[in-house]
1. Against the condition in contact with a strand residue (DSSP E or B) (Cβ under 8 Å, 6 or more places away or on another chain) and not polar (S, T, N, Q), how does residue 64 come out, does it pass?
2. Please go through the stretch 60-74 and pick out each residue that is in a strand (DSSP E or B) and either exposed (fewer than 15 other Cβ atoms within 10 Å of the Cβ) or modelled with pLDDT under 95 (or both).
3. Given the residues 53, 27, which is the only one that is surrounded by fewer than 19 Cβ atoms within 10 Å (Cβ to Cβ) and either of a type in the set (A, V, I, L, M) or in contact with a Gly (Cβ under 6 Å, 6 or more places away or on another chain) (or both)?
4. Residues to consider are 125, 113, 108; find the one that is out of contact with any Pro (no Cβ under 8 Å at 6 or more places or on another chain), farther than 21 Å from residue 25 by Cβ and not small (Gly, Ala, Ser).
5. Just checking, how many residues over the stretch 42-60 are among the aliphatic types (A, V, I, L, M) and out of contact with any Cys (no Cβ under 8 Å at 6 or more places or on another chain)?
6. For the stretch 75-94, give me the residue count where each residue is surrounded by 12 or more Cβ atoms within 10 Å (Cβ to Cβ) and either of a type in the set (Lys, Arg) or in a strand (DSSP E or B) (or both).
7. Hey, can you tell me all the residues within the stretch 36-64 that are within 22 Å of residue 115 (Cβ to Cβ) and among the charged types (D, E, K, R)?
Amino acid sequence: MIVGAAVVRDGALLVQQRAYPAEAAGLWELPGGRVERGESETDAVRRECAEELSVAVVPGERVGADVALPGGKVLRVYGAVLADAVEPRAVEHRALRWVTGPELACVDWLPADRVLVPALRALLDASPGQATRE
């Protein structure tokens with residue numbers, strides 16, 4: 001199982017740009033990664049955000065449907081908010097950015113994350129602060 005974090009702040013979604021491998025470099029994705037043995041999915045969301053962004057998050061409800069990945073893996077995304085005022089930073093990725101609902105369709109997503117754009121848009125449309133961002 002692979003988990004992703006749809007981190008929302010002030011009506012915008014945090015996305016990160018891959019630095020590697022070569023075939024994915026430059027594409028954008030949600031933070032996340034593999035669920036380790038004995039770890040819950042939400043604990044994996046917390047750990048991955050700490051490792052990839054140097055931030056603490058509070059995971060929430062699932063976002064969208066499961067996405068089938070190569071090799072029989074599955075991507076499951078959870079909504080999340082930052083636990084404190086620490087600004088995320090790109091630890092393992094080339095860049096980070098906050099995108100609003102209208103910008104989601106313009107992001108050069110990894111294929112698995114692109115499938116989730118309608119669900120991510122719905123998440124942003126329902127989030128507090130969305131009206132102030134558009």
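The values are calculated or read from the model by the stated rules, or taken from the named source; none is laboratory data. Keep in mind that what you see is a predicted model, and the values were worked out from it rather than measured. Reconstructed Cβ throughout: ideal geometry from the backbone, glycine too, with neighbour counts over all protein chains shown.
1. So residue 64 fits the description; yes.
2. 61, 65, 66, 68, 74
3. Just one listed residue meets the conditions, 27.
4. After applying the criteria, what remains is 125.
5. Residues in the stretch 42-60 being among the aliphatic types (A, V, I, L, M) and out of contact with any Cys (no Cβ under 8 Å at 6 or more places or on another chain): 5 in total.
6. 9
7. Residues satisfying the conditions are 41, 48, 52, 61, 62.
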